[in-house]
Each structure stands twice: as structure tokens, then as C-alpha cells.
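Some notes on the structure that comes next.
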Number of protein chains: 6
Amino acid sequence: MVDVGEKPATRREARATGEITMSAAALRVIRSGTVAKGDPLQTARLAGIMAAKQTAALIPLCHPLALTHVSVDLTPTRRGYRIESRVRTTGPTGVEMEALTAVSVASCVVSRRSSTCS
Amino acid sequence: MVDVGEKPATRREARATGEITMSAAALRVIRSGTVAKGDPLQTARLAGIMAAKQTAALIPLCHPLALTHVSVDLTPTRRGYRIESRVRTTGPTGVEMEALTAVSVASCVVSRRSSTCS
Amino acid sequence: MVDVGEKPATRREARATGEITMSAAALRVIRSGTVAKGDPLQTARLAGIMAAKQTAALIPLCHPLALTHVSVDLTPTRRGYRIESRVRTTGPTGVEMEALTAVSVASCVVSRRSSTCS
Amino acid sequence: MVDVGEKPATRREARATGEITMSAAALRVIRSGTVAKGDPLQTARLAGIMAAKQTAALIPLCHPLALTHVSVDLTPTRRGYRIESRVRTTGPTGVEMEALTAVSVASCVVSRRSSTCS
Amino acid sequence: MVDVGEKPATRREARATGEITMSAAALRVIRSGTVAKGDPLQTARLAGIMAAKQTAALIPLCHPLALTHVSVDLTPTRRGYRIESRVRTTGPTGVEMEALTAVSVASCVVSRRSSTCS
Amino acid sequence: MVDVGEKPATRREARATGEITMSAAALRVIRSGTVAKGDPLQTARLAGIMAAKQTAALIPLCHPLALTHVSVDLTPTRRGYRIESRVRTTGPTGVEMEALTAVSVASCVVSRRSSTCS
């Protein structure tokens with residue numbers, strides 16, 4: 001882990017975006033709100049936020065940081081969803097990996113909910 | 001997660017309390033110190049402290065915080081125990097949820113030890 | 001941890017319930033669906049499900065179990081919500097603690113969302 | 001979480017693949033083996049394997065499963081790396097999400113090591 | 001992670017032992033039962049048990065296993081404590097690493113309590 | 001958990017060392033670089049770094065700290081390896097336990113890779 005002890009604690013923000021496409025059938029199920037057991041977009045959003053907080057436990061050389069803000073938003077596109085995360089901290093190093101991890105995990109959740117697996 | 005980046009880092013403390021009641025038989029076992037494998041009150045205390053440190057991983061929209069102090073105390077009541085947690089941090093947001101999580105998990109441990117399940 | 005190695009793996013289910021009451025004002029906010037950033041009941045439901053899976057990491061003497069099902073449901077009462085969890089496994093010991101942990105954490109989430117803390 | 005308690009425990013395998021592209025400069029650094037502090041491909045491989053084991057903690061509605069095998073392999077392409085995971089279990093449900101999570105996290109690690117962030 | 005999918009699930013047990021020595025002064029404090037905030041031996045015992053359950057999250061190539069029993073015992077020696085763990089599972093691979101992890105973490109706790117650090 | 005809220009946040013560093021000995025045969029396998037599936041020393045190094053970040057989750061009374069640096073180095077000795085960790089933070093309490101945890105887990109990994117267990 002790079003030594004960031006000499007760097008001043010400053011306000012930092014990172015954003016990451018991803019795009020997930022799915023079949024028209026899967027998209028219809030999500031958009032009709034008929035997925036059994038809750039809204040998959042809300043599940044993806046929460047999973048992404050929680051994953052951002054686990055970044056230092058998942059990415060071996062990432063520093064543990066006291067995040068001051070995490071948001072994950074999903075906006076519909078023609079063939080799926082655009083996922084955008086925004087992460088902020090006041091600390092000695094950036095939160096790019098936290099933003100990226102949030103998008104990755106949120107994408108996994110959406111793709112799962114649009115598939116047929118349990 | 002609410003953005004707390006603009007809030008100053010100040011000293012904060014939260015307390016939470018809970019009360020657990022149990023059968024006279026269960027209470028006798030605990031108070032006689034004859035629970036196989038150690039004192040359930042000490043187990044509950046430690047589990048509560050460790051749970052407070054896991055709050056941000058359990059409660060989706062809680063901020064990760066560098067806790068400076070956590071204590072959990074169990075005091076006997078007529079029909080069970082009163083559980084009190086005290087959590088402190090120097091940070092931009094409060095530790096109410098950490099205190100509540102500590103009490104919740106400590107309560108689970110005591111109720112478990114006073115039941116017959118394994 | 002009690003030795004459950006001699007016990008056969010059988011299908012097991014546990015349910016736990018809790019009830020949370022809140023101020024009329026807090027209740028109105030939740031029921032009007034105007035909580036900023038998503039439905040607190042859905043958040044509570046997911047947090048409870050994820051917490052059930054963390055039970056062995058939270059409760060010192062609980063066995064790690066391959067849960068086959070977890071559900072958490074919140075139903076409105078006159079002054080708040082009734083929370084019910086249902087957990088199933090095919091294993092050598094019961095899932096009472098998993099059900100209880102799910103309800104405890106879901107309750108924490110609802111109480112948080114109905115409070116004014118961040 | 002879908003109830004999989006009725007499903008028989010069978011041998012299951014899932015594979016997932018991803019592809020990461022990077023600048024020629026970043027690629028040269030990785031391929032020359034001159035990254036300070038160890039081989040980023042090995043780091044990515046291990047992070048992916050460990051992430052597969054955390055899938056049920058990251059993806060809200062995934063079942064905890066006793067994985068019997070996880071591998072993550074990175075093979076060079078013209079402009080980056082192809083990442084392939086393979087996950088196996090003997091259980092009542094598939095390991096598609098575990099395979100996907102492994103690839104996602106391994107990708108994050110490689111992209112991080114090829115960037116300039118700390 | 002080695003593929004253990006072909007191996008039959010059998011009952012397995014592993015034991016590990018460690019020995020920790022400390023200054024006469026530190027030993028006196030522990031044995032007099034005057035450590036502020038609870039018995040360090042009980043804390044070490046519980047931490048060791050909980051660590052055994054985290055083995056697959058700590059040791060990159062260890063398989064997640066449904067442990068059926070974990071115990072950690074500390075017995076006084078002339079200059080400190082002997083720590084012994086015993087771990088059991090019914091599974092396709094052994095629990096040597098789980099037993100070793102339990103002893104390692106329990107040792108860390110005892111050594112911490114016998115030092116002057118916070 | 002001792003209250004460290006009154007202590008100033010200062011730069012702190014801790015080092016810990018351990019030594020692991022193994023059979024000549026095991027040593028030959030590691031040094032020849034013929035261990036199937038990657039370099040065990042690199043695995044040990046990463047596992048130690050990740051474990052340092054998990055210290056507060058493993059050691060009940062340790063404070064969660066924002067580590068600014070963690071390194072783990074393994075150097076060959078005549079009969080095995082010397083493992084040295086170095087951990088830094090800017091915080092109100094020391095990182096001795098983090099350094100010790102890193103060495104302990106790295107040792108477990110090396111000993112595992114030098115044994116015949118899976």
C-alpha cells in the first residue's frame with residue numbers, strides 16, 4: 001500500500017459510470033415493476049453503496065477511508081441502464097476505486113435480476 | 001448516504017439502552033455462573049462492541065466512522081438485564097446507529113444464551 | 001461453539017418478529033413515499049436479509065450455515081411496522097439466531113429512517 | 001432470497017469473462033514487470049478469488065455457498081488482458097454471480113494498477 | 001483454490017497449539033483478575049473462535065467451510081499461556097488453517113492485553 | 001475499548017516481525033518457483049496487508065483506524081523466511097496490533113503453502 005501519510009487530508013470526489021444492456025424481455029420485467037420481491041434498481045443502488053464501503057476489504061492495496069458520501073444512480077437507456085456512482089471523502093488519497101467498485105457491484109445486481117438464475 | 005463532507009469533525013457521543021427479560025430458570029443459569037463455555041454476559045459485551053464497529057457494513061446508509069470508544073454494559077434487573085452502550089467518535093456525523101447496533105447484537109447474544117438452542 | 005457434527009442435516013426454519021412504533025410525523029413521511037433517496041422499507045428488508053447472512057460473524061458462538069432462504073417482510077400497524085423474518089437451511093442446527101438478527105437489523109434501519117439523524 | 005431448499009445439491013460450475021484495455025504505456029509497465037510492489041496480475045488474481053468468496057455479502061439476494069473451487073486467469077490480449085473466472089460448488093443453486101463478481105473485482109485491480117492513482 | 005469438488009464430505013478435525021510467554025508483571029495482572037474491562041482470556045477465546053469462522057476471508061486460497069465446532073482453550077504455563085484450538089467440519093477438505101488462525105488471533109489478543117498499548 | 005477520544009491524532013508507525021521455518025523440501029519447492037498457482041510469498045504478502053486492514057474486526061478491543069500505509073516483506077533465511085510488517089496511521093492510537101496481525105496471517109499463508117494440505 002502506497003504510503004499516503006505525508007499527503008494532506010483534502011476533500012476529494014470521484015465518479016464512475018457503467019452501462020448495462022439487457023434483452024427487451026428482461027427490460028420489460030424490470031420496468032413493469034413486476035419483479036417478485038422488490039425493485040431491482042433499488043437493490044442495485046443499495047448494493048453499490050454498501051460495496052463502496054467495502055472497497056478496502058476487496059481491493060488489496062486500497063487504503064481504508066472514511067467516506068463522507070456515496071450515491072449510486074441508475075437511469076434508463078434505450079437498451080438498459082446507465083449506472084453512475086459518486087463518492088466523496090476528506091482524506092489523503094482519492095476515491096476512484098470506491099466509485100468503480102460501487103458501479104461494478106451495482107451492475108452485477110442488475111444483470112442478475114435480469115437473468116433467470118436464482 | 002447523506003453527504004456529511006461539509007460538517008466539521010466534532011466530538012460526538014451516543015448512548016442506547018435495551019432491556020431483556022427471561023424466564024426465572026434461564027436467569028438462574030446465567031447468575032449461577034454455570035453456563036458451559038464461559039460467561040454469557042462477557043460474550044454479549046464483546047459481541048456488542050464488535051458489532052458497533054460493523055455498523056457501516058450492516059446499515060446501508062451509515063457512514064464509516066473511526067470510533068474512539070465503545071462500551072457495552074449489562075446490569076441485572078429483576079427479570080433479566082439492562083444493556084447500555086456508549087459510543088464515541090470525533091467525526092462529521094453522530095454515532096446513534098452504532099450505539100443501537102451494539103445493544104441489538106448484545107441482546108441477541110443474551111437471549112441466545114438463555115434459550116435452549118445450540 | 002457447541003459441536004453439531006453428530007447432528008443430521010435436516011430442513012429447518014425459524015421465524016422472528018418485531019414491532020417498531022414511531023411518531024405520527026415519522027410515519028407520515030415513510031407512508032407518503034417522500035423519504036429522500038428511496039423507500040426505507042425496502043432498505044430495511046434488504047439490510048435484514050444481508051444481516052441474516054452475517055449472523056455467524058456477529059454472534060460469537062453461532063455456526064456458519066448455508067442458508068437456503070431468507071425473507072424479511074414489513075407490514076404496517078397502527079403506529080408503525082411489524083417486521084417478520086423467515087430463514088431456512090438444510091443443516092445440523094437451527095436458524096433462530098439468523099431470524100432474530102434479520103429482524104434486529106431491519107428494525108435499526110427503520111428506526112433510523114424515521115429519526116432525524118443522518 | 002429465492003428459496004432453494006427444495007433443490008438437490010448438485011455439482012455446478014460457472015465461468016465469466018471480461019476484457020480490460022489500457023494505454024500502451026500502462027501495458028508496458030505491467031509487462032516489463034517493473035510495477036513497484038509486486039505483480040499486478042497476481043494481485044488481481046487473488047483479489048478475484050477472495051471476492052468470489054464474498055459474493056453473498058456483496059450481492060443482497062445471493063445465497064451463501066460452500067465453493068469447492070475458484071480460479072481467475074488473466075491472459076494478455078493485444079491491448080490489455082482477458083480475465084476468466086471459473087467457480088464450482090456442490091449445492092442447490094448456481095455460482096454465476098460468484099464468477100461474475102470475481103471478474104469484476106479482478107478487473108478493478110488491473111485497472112487500478114494501470115492508472116496513476118495511489 | 002484447489003478443486004475439492006471430487007472429494008467426499010467426511011468428518012474432519014484439526015488442532016493447533018501455540019504458546020505465549022510474557023513478563024511476570026503482565027502475568028500477575030491477568031491472573032489477579034484485575035484487568036479493567038473483563039477477563040482477557042475470555043476475550044482471547046472468543047476472538048479465536050470468531051477468527052476461525054473468518055479463515056476463508058483471510059487466507060486467500062482457503063475454501064469456505066461450514067464449521068461444526070470450534071473451541072479455543074488457554075491453560076496457564078509457568079511463564080504465560082498455552083493456547084489450543086480444535087476445529088471440526090463435515091466437508092471435502094481439512095480445517096488445519098482454521099485451527100491455526102484461531103490460535104494466531106487468540107495469541108494476538110493475549111499479547112495485547114499483556115502490553116501497555118491501548 | 002479504551003477511550004482514545006482525548007488523544008491527539010499524530011503520525012504513528014509500528015513494525016512486527018516473525019520467523020517461519022520449514023522443511024528443506026518445502027523450502028525447495030517455494031524457492032524453485034514451482035508452486036502450482038502462483039508465488040506463495042506474494043500471496044502471503046497480500047494476505048498480510050489485507051489482514052492488517054481487518055484488525056479491528058478481528059481483535060475485539062482494537063479501534064478502527066484509517067491506515068496510511070501497510071507493507072509486508074518476506075526475506076529468505078537459512079531455514080525459511082523472516083516476515084516483517086510495517087504499518088502507519090495518523091490517528092489517536094498506535095498500530096501495534098495491526099502490524100502483529102499482518103505478520104500472523106502472512107505466516108499462516110506461508111506455512112500453508114509449505115504443507116501438503118489443500
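Structure values in brief
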| item | result |
| --- | --- |
| Filter pass, C:Glu13 being at the interface with another protein chain (Cβ under 9 Å from one of its Cβ atoms) and under 19 Å from D:Pro92 (Cβ atoms) | yes |
| Test result for B:Thr77, surrounded by 24 or more Cβ atoms within 10 Å (Cβ to Cβ) and not hydrophobic (A, V, I, L, M, F, W, C) | no |
| Enumeration of residues in segment E:64-105 that are within 13 Å of chain C (Cβ to nearest Cβ) and hydroxyl-bearing (Ser, Thr, Tyr) | E:Thr68, E:Ser71, E:Ser85, E:Thr89, E:Thr90 |
| Considering residues of segment E:10-52 that are touching a strand residue (DSSP E or B) at 6+ places or on another chain (Cβ under 7 Å) and open to solvent by 70 Å² or more (accessible area, probe 1.4 Å) only, the residue farthest from E:Met97 (Cα to Cα) | E:Thr21 |
| 2 or more residues in contact (Cβ under 8 Å) with a residue 60 or more places away in the chain and among the hydrophobic types (A, V, I, L, M, F, W, C): qualifying helices (runs of 4 or more DSSP H) within segment F:14-118 | F:24-31, F:40-53, F:96-113 |
| Given (1) within 12 Å of chain A (Cβ to nearest Cβ); (2) more than 9 Å from the chain's Cα centre (by Cα), index of the condition F:Cys108 fails | (1) |
| Test: D:Leu61 is closer than 22 Å to D:Glu19 by Cβ, open to solvent by 10 Å² or more (accessible area, probe 1.4 Å) and away from chain E (no Cβ under 14 Å) | no |
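The values are calculated or read from the model by the stated rules, or taken from the named source; none is laboratory data. From a predicted model like this one, the values you see are computed outputs, not experimental measurements. Heads up, the Cβs are rebuilt from the backbone with ideal geometry, glycines too, and the neighbour counts pull from every protein chain shown. Accessible surface areas use protein heavy atoms only, side chains included; no ligands, DNA or RNA. Shrake-Rupley method; radii C 1.70, N 1.55, O 1.52, S 1.80 Å.
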